[in-house]
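Okay, structure first, notes after.
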Amino acid sequence: MTIINEDEILSSAIAHYGEPAQVLKCIEELAELQIELIQSLDTMLNEENKPWCHLHQIEQEARCIWHWTQEINQKDITMYDDIQVGKVVSELADVSITTSQMIKLFTTPEEFEKAKQAKLTRLADRMNGKYNPGGDCGSIGDDETFEDIHGPVDDKPVQQKAHELMEGGHIGDDSQ
């Protein structure tokens, strides 16, 4: 397998899609990761330990975030508040550390690198107009929806919360 230039592809993606779009993409991917981890944790815990986790509520909030990323108008995003940048960097460090732990828990470094290379290849192909959904990189096709990947979302409160976020609400803020 040919190793591709990760830094070049990542920089090209930011330039190609724009900073706000890539911030939204990160939020979307983190929400998807959160949902998959919740579903994995749900199978790991025995019944007596599940109630303290509130897994269902957390999963609904992650689904809500995912829907919000699909609806937000990227032109409404203003970038680079200096204080917020510092907070983001701190949280990125936390995510990097915990993501590294999840790689150890769920796969091998070699298998992770193989999946990462496939995703980077897919990203490069998309930017070059060569992406073939359902092709040989084993990744999700553009024609698949969130529901195809994570199951149906027929829960009106999730969609309602997504719309509240669009109107300036906050996740978990049930007051009206």
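The values are calculated or read from the model by the stated rules, or taken from the named source; none is laboratory data. Every value quoted in this text rests on a predicted model; they were computed, and no experiment measured them. All Cβ positions, glycine included, derive from the backbone under ideal geometry; neighbour counts span all protein chains shown.
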Would a scan of region 142-157 turn up a residue that is under 16 Å from the mean Cα position of the chain (by Cα), modelled with pLDDT of 55 or more and closer than 20 Å to Leu24 by Cβ?
no
Collect the residues in region 79-113 that are in contact (Cβ under 8 Å) with a residue 40 or more places away in the chain, within 17 Å of Glu19 (Cβ to Cβ) and surrounded by 11 or more Cβ atoms within 10 Å (Cβ to Cβ), keeping them in residue-number order.
none
Is at least one residue of region 51-71 touching a helix residue (DSSP H, G or I) at 6+ places or on another chain (Cβ under 8 Å), at pLDDT below 75, surrounded by 13 or more Cβ atoms within 10 Å (Cβ to Cβ) and farther than 23 Å from Lys116 by Cβ?
yes
